[in-house]
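The values are calculated or read from the model by the stated rules, or taken from the named source; none is laboratory data. This structure is a prediction, so every number in the text was calculated from the model and none was measured. A quick note on method: Cβ atoms are made from the backbone with ideal geometry, for glycine too, and the neighbour counts reach across all protein chains shown.
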């Protein structure tokens, strides 16, 4: 049936309206899409271009070359040398175990290193290189390079590694470097991003740690193009970093090597210091260790051997160790009394072998006593009773104040680890720390460097240098940084009465050069280089009344750890002081037997700058010294030349 014309026209009008509406919607959508495209491609083009570049371009840090370290004469103490290593990329190697097996046919692989590398590969991205062999030889590197086509994913690389050419001679001064640990990052506020580079090394102890920021330098950077997986496709440009600053120490490596050898066989420390400018010419602790063992990670066996050694080779005894200074402290007690005008040089005290103070008997080291002694003879013969008597007159406050003026009880600012402050006790200190009142017996003990009094070898060297120079000289270890001279340690006058200082120096001279002096056996014969010094023996155990009654047990008959510490301090030449020396031999017994001969030998070596003439030594010592010199020159096999002379 044919539809009416009116219906057809109505339907046509309806369709036309729908088409118009649909067309309008489509046009609006296209317009909105065009506007959005204009916004994204034109208005926001720069922003999205930057985002695209950041996804495509990565910035990679380039570790800087670490600054090198030299002695005062330019001898290298810490250097950077090419280090050859072999790395493997897991995704390129395919069968990693097969690649490692093939590599092992060419070079010797450490099983522990292989195990570590395999574990690291499992937790790292497949395209990152993992070190499988470190510090390989040039021959091994060449062998791998030649066979590269047969070693998929294996690549030889060249980097820089820290080495210490003089090894153990400088271990306690230089310290060592090692990989950055989580602990290192936690204790550094706002750590430099270069510290996050895998296997990047920083100073752990010693100068390497204390001057880390100067030695480290500034990182460089390179822009690399990476794909969606983060793999490097090509390098676009590179900006090299700034190398670390080179350091020059005040130490003389030739003297340092001698001192370290002279301390061989002992648990001891020795310091040689310039009395005018404070330069530390030698600072040695024995026994020592090889810092090169720590650079790439020390083995458990080697580390255990160091930690279980009763002589404590890892400790820097020169600055970390604190000991009762013993009789080397008597100059301080005497100076306190002289400066207060409480005694005169000719006043005498009678020593019967002991002194009763507040109902307690304090003994002199010489059981029979020294009789009547004045200031000079009391120091020369190291009479304890004379200083007990002074202590009662002077008091602990003035004694401790004088000690601090001479550098004791002060943490000296040198770039070594764990520099100790020592202790110069006062009444307030004892009340605050121990909750007890100070008693006169404490003062008596302190007067001869016992009781609470503690000092490090470095502080004793400073004390001796100040006695010799009369100035507040301070120790200096860094001579230059990148060629720029560092501040001198020379100080202003101590403000002491020069006559009092001369009395102390003369008494120290007689201690060594008078036949009745406690260090006469270790004197120097050559007039131009004669030394002035003081022996010291500090107790590490209590001696009971019963033991005194039957006779005090000799150090030789005691276990090593219960023997007295042996000390000696000196300056030389007496007429024109150049150097101060401090030596402590742990549990060495008497200072005159164990420490004084070592200090005398070190003093002569420092003054002459080479093997001193045998004529400078007492006749009885010349055969031993000749043998010692031959050993150090390598003329004959090493022997135990650290033998002790008898006073």
Exercise for the section: Please work out which one of (1) assigned by TED's automatic domain parsing to the domain that holds residue 215; (2) in contact (Cβ under 8 Å) with a residue 40 or more places away in the chain; (3) surrounded by 12 or more Cβ atoms within 10 Å (Cβ to Cβ); (4) over 18 Å from residue 299 (Cα atoms) is the condition residue 193 fails and give its number. Expected result: (3)
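To keep it simple, each residue is scored yes or no on (1) assigned to a strand (DSSP E or B); (2) within 23 Å of residue 258 (Cβ to Cβ); (3) in contact with a helix residue (DSSP H, G or I) (Cβ under 7 Å, 6 or more places away or on another chain).
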site: 285; (1), (2), (3): yes, yes, yes
site: 289; (1), (2), (3): no, yes, yes
site: 303; (1), (2), (3): no, no, no
site: 311; (1), (2), (3): no, yes, no
site: 329; (1), (2), (3): no, no, no
site: 333; (1), (2), (3): no, no, yes
site: 343; (1), (2), (3): no, no, yes
site: 347; (1), (2), (3): no, no, no
Fill in the blank from the handout: Exactly one of 101, 139, 113, 97 is out of contact with any helix residue (DSSP H, G or I) (no Cβ under 7 Å at 6 or more places or on another chain) and either surrounded by 13 or more Cβ atoms within 10 Å (Cβ to Cβ) or in the same structural domain as residue 260 (by TED's automatic domain parsing) (or both), and that residue is 113
Fill in the blank from the handout: Those helices (runs of 4 or more DSSP H) completely within segment 127-207 that have 3 or more residues that are over 22 Å from the mean Cα position of the chain (by Cα) and under 22 Å from residue 112 (Cβ atoms) are 138-146
Fill in the blank from the handout: For segment 604-633, pairs from a residue that is free of Cβ contacts under 8 Å to residues at least 12 places away in the same chain to a residue that is part of a helix (DSSP H, G or I) and exposed (fewer than 15 other Cβ atoms within 10 Å of the Cβ), with Cβ under 6 Å and 6 or more apart or across chains, are 622/614
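Taking segment 132-153, which residues are closer than 11 Å to residue 90 by Cα and in contact with a strand residue (DSSP E or B) (Cβ under 8 Å, 6 or more places away or on another chain)? Spell out the reasoning first.
Applying the first criterion (closer than 11 Å to residue 90 by Cα) to segment 132-153 yields 152-153.
If the condition is that a residue be closer than 11 Å to residue 90 by Cα and in contact with a strand residue (DSSP E or B) (Cβ under 8 Å, 6 or more places away or on another chain), then 153 is the only one that fits.
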Practice task
Answer with yes or no whether residue 203 is at pLDDT below 95, in the same structural domain as residue 69 (by TED's automatic domain parsing) and surrounded by 14 or more Cβ atoms within 10 Å (Cβ to Cβ).
Solution key: yes
Fill in the blank from the handout: Of the residues in segment 162-205, those that are in contact with a helix residue (DSSP H, G or I) (Cβ under 9 Å, 6 or more places away or on another chain) and over 22 Å from residue 248 (Cβ atoms) number 11
Problem - Scope segment 445-494; condition in a loop (DSSP other than H, G, I, E, B), crowded, with 22+ Cβ neighbours inside 10 Å and either under 20 Å from the mean Cα position of the chain (by Cα) or outside the structural domain of residue 321 (by TED's automatic domain parsing) (or both); matching residues - result: 456, 475, 477, 489
Practice task
Go through segment 625-647 and give me each residue that's modelled with pLDDT of 50 or more and more than 21 Å from residue 584 (Cα to Cα).
Solution key: 626, 627, 629, 630, 631, 632, 633, 634
